[in-house]
Amino acid sequence: MVTKPRILYEKGVIKKIATQVGVTEATVRLALRFATEGEQPDLIRKVALSEYGCMLQRKPVNIPVKNI
C-alpha cells in the first residue's frame, strides 16, 4: 500500500514557524504537506515536529489500476 506523509498541526503554528524560520506561511504549508523538497522544507518539518508538537501522519493513497 502506498502512503503519503503529511504533518498535522494546531491552529496558529504555521505563522509561528514562518516567523521563526523567516519564510512565508505558504512555504510552511507546502513543506508540511511534503509538496516541496530540499534543505529549507526539511528544516521546517524538523522545527514543526520537535518544537511545536506536530505529528507525522501517513495517509493511504488509492492508485487507480487500469485493466489492459
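Computed from the coordinates by the stated procedures, all read-outs in this text should not be read as laboratory data. The structure displayed is predicted, hence computed values, not measured ones. Please note: Cβ atoms are built from the backbone with ideal geometry, for glycine as well, and neighbour counts cover all protein chains shown.
Restricted to Cα atoms, the chain shows a radius of gyration and a Dmax of 14.1, 51 angstrom. Bridgeable lysines around LYS16 (alpha carbons under 21 Å apart, same-chain partners fewer than 8 residues away excluded): LYS46. With both labels modelled 7 Å from their Cα along Cα-to-Cβ, the THR3 to LEU30 distance reads 2.6 nm. The trypsin sites (Lys or Arg not before Pro) of the chain that meet both conditions, a loop assignment by DSSP and at most 12 other Cβ atoms within 10 Å of the site Cβ, are LYS11, LYS66. Across the chain, Cα pairs under 8 Å and at least six residues apart give a relative contact order of 49 percent. Only helical runs count toward this figure. For the chain, summing -39,500 (n - 2.57) over DSSP H runs of n ≥ 4 and dividing by all residues gives -13000 deg cm²/dmol at 222 nm.
Taking Cα atoms only, the orientation of helix 39-51 departs from the longest principal axis of the chain by about 70 degrees. Taking GluC sites (Glu not before Pro) in DSSP loop states with no more than 14 other Cβ atoms inside 10 Å as exposed sites, the chain has its longest site-free stretch at 38-68.
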